[in-house]
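To start, the structure itself, in C-alpha cells.
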C-alpha cells in the first residue's frame with residue numbers, strides 16, 4: 001500500500017489563514033499575497049508521513065486522503081484579501097475576517113467603531129490618536145491643525 | 001541565564017552619565033540590567049544606552065595597528081606603530097617646531113587618558129591640544145567663567161525637581177539627555193512652570209507651559225528682552241544683586257533698548273510671551289536655567305552664555321537648591337576632558353598657560369622645563385593651520401573632525417595636507433580614512449578609568465570585557481609613546497594616573513578610585529579625601545577674583561551668514577534622540593539604524609510646497625560650501641524659513657559655516673543659509 | 001492585585017528606549033511600539049492583556065489564554081494561523097517570522113522570575129511607564145490631578 005496521500009482542500013471551509021504553510025516539514029504548501037488576492041498553493045500529493053497540515057487546520061478544511069501514486073504538480077486556491085478601511089492596504093483574507101466577525105463578541109466591537117475593518121497598523125494609529133486626543137491635543141497645535 | 005555576572009559601568013554616550021550593569025557570560029557582554037538606585041538616572045536609560053553593547057562586536061572594529069601603504073592599509077605590529085608615532089612627533093619638532101604639532105584629545109576617553117595626552121603634548125613643547133568641547137561648550141567655559149568664575153554646571157540634575165520654574169533655551173534635553181526628564185516631571189507635579197525657547201517644536205517643547213519659538217540666532221534679543229521686563233517691573237532680586245554681584249548698572253542700561261516689542265521683532269516671539277516668560281522666571285522661588293547648543297553654537301555664543309548668566313544673577317537664581325544655571329554637557333567625558341586641560345589655553349584645572357606660577361607648578365610636578373607660555377590653536381584654527389602648512393603632524397584620539405567639524409570639505413583637505421596624520425579610534429571613521437597611521441583603541445567597556453558627567457560627578461568604571469584583536473586602551477598607547485619620547489608616564493594603570501591627577505588638579509584632590517567607584521561618585525570640587533564633594537556651586541561666593549557674580553552687557557548681532565535670494569532658508573543643525581554625534585557608534589548599531597537609517601531634513605509645509613517637495617522626497621540641501629542629499633520630512637514643528645538637519649551622518653557638515661565666536665572659537669553650526677531642491681545624488 | 005503597564009501619556013517623549021530594550025530582551029522583536037501623532041504626541045502601545053481577550057477568543061488551538069495577570073501564549077500549540085493578529089483591537093499581536101508563530105509581550109515573565117521588573121518599565125527615561133496594580137496607579141494619578149486643581153485655586157485656601 002502506498003504511503004502517498006492527496007492533499008484535499010474543502011474550498012468552502014478553507015479560510016486561507018496559511019497555518020498549513022507554516023507547519024509542513026517538506027514545504028509542500030506555500031502562499032503569496034498580491035494587492036487584492038492571496039493564493040495558497042498545494043502540491044497534489046504528499047509522500048511524507050505526518051499529519052501536521054491536517055492538524056494545524058482550524059477549519060478541518062484540509063484532509064490527507066490515501067492515493068495510489070504520486071501525482072506531480074500543484075494546484076492553487078485564491079482568496080480575496082480584505083482591504084483596510086483606513087489605508088486601503090490588504091491585510092487578511094475576507095474569510096478570516098468573516099470568522100472573526102462571527103466569533104468576537106459584539107460587546108468588544110462597539111457600534112460605529114468596527115476596528116475589525118482596519119489593518120493592525122491602522123488600529124495602532126487609531127488607538128494612538130484616540131489617546132492623544134484625550135487632553136494632549138492642546139499641545140502647541142495651531143488653530144488649523146484640528147484634523 | 002543565571003551563570004552570568006553583572007558588571008557595573010557608565011554609559012559611553014552622553015553627559016548624563018547613567019550607570020547600568022552589563023551582563024557578562026564567559027567574557028562576552030550578553031545583555032544589560034538596569035541600576036535602579038543610581039542617583040542620576042534611577043536605572044533609566046535612553047535608546048542609545050540600551051543599544052550600547054551592539055557596536056562593541058561590530059565586525060568593523062579596528063583590531064590592528066595599520067599603516068597606509070600604496071592606497072591601502074597594511075597591518076603592522078604595535079612596536080613599529082608606536083616607534084613611528086614617536087619618531088614622527090620628534091622629527092616634526094626637530095625640523096620645524098613643537099608648534100607644528102597638533103593634538104586632538106577625546107571627550108569620549110577617560111580623565112586619565114586626557115590628562116596624559118595633554119601632558120605629552122605639553123612636554124613636547126606645544127599647547128596645540130584641543131578637543132570637541134571647542135565645538136560645543138567652549139562659550140560656556142568662556143562666558144560662565146567671566147560671569148561666575150567657573151564654566152561648569154552649577155547644580156545636579158536632580159535639583160530640577162526642586163525648581164518652581166525651569167527655563168530651557170537651546171536645549172532639546174528630552175531627546176539628548178532623556179533620563180534627566182524624570183526630575184522635570186517631579187517639578188511639574190509640584191506645579192513648576194516650564195518655559196522652552198527653541199526654533200523647533202522639539203519633544204522638549206512638548207512639556208512646556210510656555211513655548212517661545214524664536215528665530216535662530218536671536219537669543220540675546222530674547223534674553224535681554226526678558227532682563228528688561230524683570231528690571232522695569234521691579235522683579236529683580238535687589239538684595240542678591242547688592243550683595244553678590246557687580247556691574248548691574250551697566251547691564252540695566254544695556255538692556256533698556258530691548259523693549260518687548262523690539263525683542264519680538266528680532267525674535268519672532270510675541271511680546272506678551274516674552275513678558276509672561278520673564279515674570280514666570282523672576283517670580284519663582286527657585287528657578288533653574290537650562291541651556292545647550294542652541295545658545296553656544298553661534299558666532300555670539302559667549303555673549304549668549306553671558307545673557308543667560310545675567311538672568312540668573314538678576315533674579316538671584318544661583319547657588320542654592322533648585323536654582324542654578326545648567327549648561328548640559330554633551331559627551332560622556334567632555335567635562336572631564338576640559339578639567340584635565342585638554343585645551344590650548346589652560347593647563348589641568350583651568351590654569352592659564354600664560355600664568356607663570358601655574359606653569360612653574362606643573363613644570364616641577366612634571367619635571368620639565370619645556371612648557372610653552374603661548375596659548376595653542378583651537379580645533380578649527382588647527383585645521384586652517386594644517387591647510388596652510390603650519391601644522392605638519394597631527395595625532396587625533398577618539399574624534400572625527402571630518403564628520404563633525406564645520407565646512408568639512410576643508411577639514412578633509414587640511415588633514416590630507418599634513419605630513420603625517422595619526423588617528424587613534426575604535427572604528428575606521430571618515431577621519432581615520434585620511435590617516436597615515438591608525439592605532440586601534442579599546443572601547444569604553446574594555447578599559448577602566450573615570451568619566452566626569454555634566455554635573456561634575458566623577459565616576460570610576462572597571463573593564464567589562466577584553467578589547468578585540470590587538471586593540472589597546474588609549475591609556476596604554478599614550479604611555480608607550482611617551483616612553484619612546486623619553487617621558488615616564490608609567491605602564492598605563494588608570495589608578496596611578498588618577499593619583500597624579502589628585503596632586504595636580506585641586507578640584508580633583510580627594511577623588512580617589514574608591515570614592516569615584518561608589519554609587520554616587522564624587523562632585524568636584526573635592527579638594528581633599530575628607531571633603532564630601534560639592535554638588536552645588538557658588539553657594540556663598542563666586543569663583544571670580546572679587547567673589548562676586550559679574551553682569552556682562554551684551555548686544556544682539558546678526559549671524560555670520562544671512563539668507564539671500566540663492567540661499568533663502570536658514571539651515572540649523574542639531575541632534576536626534578536615536579543617534580549620537582558623528583554616528584561612529586550609533587551608525588554601527590542595527591537597533592538604531594533600522595529606526596533612523598538616513599538623514600531627514602525638517603521643512604515647513606509652505607517651504608516644501610514652494611519647491612514641489614512632498615514628505616519622503618529625496619532632496620538636495622545646498623549652501624555655498626556643499627551639497628548634501630537628504631529625505632524631506634515635512635512638518636509644521638519648524639517655522640517657515642528655517643530648516644533642520646541632524647549632523648549624525650556623513651557630509652552634513654560640508655554645509656555648515658566655519659565662522660567662529662571671537663573668544664571661544666566655536667563654529668556657528670546653528671545658522672547657515674541654504675536652499676533645498678527636489679532631486680537626489682548628482 | 002493584578003499588575004498592569006500603566007502609561008502616563010503626557011510624559012512619553014518618543015525616545016524609543018522601551019522599544020530598543022524590549023527588542024534586546026526578546027531576541028530582536030519589540031512588543032512595545034511608540035506611535036507619534038502630528039509630530040507632537042507620542043503614544044507607547046503594548047499588549048493590554050485584555051480580559052476578555054479577543055485574541056484568546058479567536059485562537060483556534062487555545063494557545064492564547066488569560067491566566068494569572070496576563071494573556072499568555074503557549075508556542076507549542078500555536079500554528080501561526082494569524083487569526084489573533086487580526087483579532088487584536090489595538091494591532092498589538094506580533095508574528096515571529098523565524099518561528100512562524102504568534103508572539104507577544106509576556107510582561108517579561110523571564111525577568112520577573114528572577115525578580116526584575118519588565119525592561120520597558122525600568123528603562124523609560126521619562127518615567128512614563130509604570131507597572132503596578134490599578135488602585136496604586138489610580139491613587140497616584142488622582143493625587144497628581146487634585147494637587148493641580150488645588151494649586152489653580154489659591155483663593156479657596158488650597159495648597160500653593
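The values are calculated or read from the model by the stated rules, or taken from the named source; none is laboratory data. These numbers come from a predicted model, not from an experiment. As a convention, Cβ positions derive from the backbone with ideal geometry for all residues, glycine included, and neighbour counts pool all protein chains shown.
Filtering the stretch B:513-527 to residues that are part of a loop (DSSP other than H, G, I, E, B) and surrounded by fewer than 18 Cβ atoms within 10 Å (Cβ to Cβ) leaves B:517, B:518, B:519, B:520, B:527. Filtering the stretch B:625-657 to residues that are in contact with a strand residue (DSSP E or B) (Cβ under 8 Å, 6 or more places away or on another chain), part of a loop (DSSP other than H, G, I, E, B) and free of Cβ contacts under 8 Å to residues at least 60 places away in the same chain leaves only B:635.
Within the stretch B:633-643, being away from chain C (no Cβ under 14 Å) and crowded, with 21+ Cβ neighbours inside 10 Å holds for B:642, B:643. Taken together, B:124, B:41, B:95, B:100 contain a single residue that is without any contact (Cβ under 8 Å) to a residue 40 or more places away in the chain and either closer than 30 Å to residue B:341 by Cα or buried (at least 24 other Cβ atoms within 10 Å of the Cβ) (or both), which is B:95. Residues in the stretch A:119-147 that are modelled with pLDDT of 90 or more and either closer than 14 Å to residue C:39 by Cβ or within 7 Å of chain C (Cβ to nearest Cβ) (or both): A:120, A:121, A:123, A:124, A:125, A:127, A:128, A:129, A:131, A:132. Scanning the stretch C:68-110 for residues that are over 23 Å from residue C:44 (Cβ atoms) and facing chain A (nearest Cβ under 7 Å) returns C:79, C:80, C:81, C:82, C:83, C:100. Scanning the stretch B:333-371 for residues that are within 19 Å of residue B:93 (Cα to Cα) and surrounded by fewer than 18 Cβ atoms within 10 Å (Cβ to Cβ) yields B:368, B:369, B:370.
Only one entry in B:488, B:496 is more than 26 Å from the chain's Cα centre (by Cα) and assigned to a helix (DSSP H, G or I), namely B:496. Counting only helices (runs of 4 or more DSSP H) that fall entirely inside the stretch A:1-108 and contain at least 2 residues that are touching a helix residue (DSSP H, G or I) at 6+ places or on another chain (Cβ under 7 Å), within 25 Å of residue C:53 (Cβ to Cβ) and within 14 Å of another protein chain (Cβ to nearest Cβ), the qualifying elements are A:19-23, A:94-103. Checking each residue in the stretch C:58-87 for being surrounded by fewer than 24 Cβ atoms within 10 Å (Cβ to Cβ), under 20 Å from the mean Cα position of the chain (by Cα) and within 19 Å of residue A:16 (Cα to Cα) picks out only C:85.
Matching residues to (1) touching a helix residue (DSSP H, G or I) at 6+ places or on another chain (Cβ under 7 Å); (2) modelled with pLDDT under 95; (3) within 14 Å of chain C (Cβ to nearest Cβ):
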position: B:17; (1), (2), (3): no, no, yes
position: B:46; (1), (2), (3): yes, no, yes
position: B:51; (1), (2), (3): yes, no, yes
position: B:56; (1), (2), (3): yes, no, yes
position: B:71; (1), (2), (3): no, yes, no
position: B:76; (1), (2), (3): no, no, no
position: B:89; (1), (2), (3): no, no, no
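Here residue C:62 meets each of (1) at negative phi; (2) at pLDDT 95 or above with one exception, condition (1). In the stretch C:40-49, of all residues being within 11 Å of another protein chain (Cβ to nearest Cβ) and either touching a helix residue (DSSP H, G or I) at 6+ places or on another chain (Cβ under 8 Å) or surrounded by 18 or more Cβ atoms within 10 Å (Cβ to Cβ) (or both), the one that is farthest from residue A:19 (Cα to Cα) corresponds to C:40. The listed residues are B:607, B:566, and the only one of them that is modelled with pLDDT of 95 or more and outside any loop (DSSP other than H, G, I, E, B) turns out to be B:607. Taking (1) away from chain C (no Cβ under 14 Å); (2) buried (at least 20 other Cβ atoms within 10 Å of the Cβ) in turn, residue B:208 satisfies each apart from (1). Take the conditions (1) within 30 Å of residue B:29 (Cα to Cα); (2) in contact with a strand residue (DSSP E or B) (Cβ under 9 Å, 6 or more places away or on another chain); residue C:90 misses just one of them, which is (1). Among the numbered conditions (1) surrounded by fewer than 17 Cβ atoms within 10 Å (Cβ to Cβ); (2) touching a residue at least 12 places away in the same chain (Cβ under 8 Å); (3) under 30 Å from residue B:444 (Cβ atoms), the only one that residue B:597 does not meet is (2). For the stretch B:320-329, which residues satisfy the criterion of being in contact with a helix residue (DSSP H, G or I) (Cβ under 7 Å, 6 or more places away or on another chain) and crowded, with 24+ Cβ neighbours inside 10 Å? B:324, B:325, B:327, B:328, B:329 - these are the residues of the stretch B:320-329 that are in contact with a helix residue (DSSP H, G or I) (Cβ under 7 Å, 6 or more places away or on another chain) and crowded, with 24+ Cβ neighbours inside 10 Å. Filter the stretch B:183-237 down to the residues that are within 22 Å of the chain's Cα centre (by Cα), outside any helix (DSSP H, G or I) and closer than 20 Å to residue A:138 by Cα and list them by number. Those that are within 22 Å of the chain's Cα centre (by Cα), outside any helix (DSSP H, G or I) and closer than 20 Å to residue A:138 by Cα: B:196, B:197, B:198, B:199, B:200, B:202. The residues listed here are B:222, B:214, B:235; of these, the one that is farther than 13 Å from residue B:551 by Cα, surrounded by fewer than 21 Cβ atoms within 10 Å (Cβ to Cβ) and either at pLDDT 95 or above or assigned by TED's automatic domain parsing to the domain that holds residue B:573 (or both) is B:235. Would you say residue B:119 is out of contact with any strand residue (DSSP E or B) (no Cβ under 9 Å at 6 or more places or on another chain), in the same structural domain as residue B:393 (by TED's automatic domain parsing), closer than 25 Å to residue B:343 by Cα and in contact (Cβ under 8 Å) with a residue 40 or more places away in the chain? When the stated conditions are applied, residue B:119 passes them. From B:264, B:253, B:280, B:287, which residue is surrounded by fewer than 23 Cβ atoms within 10 Å (Cβ to Cβ), in contact with a strand residue (DSSP E or B) (Cβ under 6 Å, 6 or more places away or on another chain) and in contact (Cβ under 8 Å) with a residue 24 or more places away in the chain? Matching residue, one of B:264, B:253, B:280, B:287: B:280. State whether one or more residues within the stretch B:148-157 are within 14 Å of chain C (Cβ to nearest Cβ) and either buried (at least 24 other Cβ atoms within 10 Å of the Cβ) or touching a strand residue (DSSP E or B) at 6+ places or on another chain (Cβ under 9 Å) (or both). Taking every residue of the stretch B:148-157 in turn, at least one turns out to be within 14 Å of chain C (Cβ to nearest Cβ) and either buried (at least 24 other Cβ atoms within 10 Å of the Cβ) or touching a strand residue (DSSP E or B) at 6+ places or on another chain (Cβ under 9 Å) (or both). Against the list (1) touching a helix residue (DSSP H, G or I) at 6+ places or on another chain (Cβ under 8 Å); (2) within 19 Å of residue B:110 (Cβ to Cβ); (3) touching a residue at least 40 places away in the same chain (Cβ under 8 Å), the condition residue B:457 fails is (1).
Of the residues making up the stretch B:595-619, those that are over 26 Å from residue B:431 (Cβ atoms) and either in contact with a strand residue (DSSP E or B) (Cβ under 8 Å, 6 or more places away or on another chain) or within 12 Å of chain C (Cβ to nearest Cβ) (or both) number 15.
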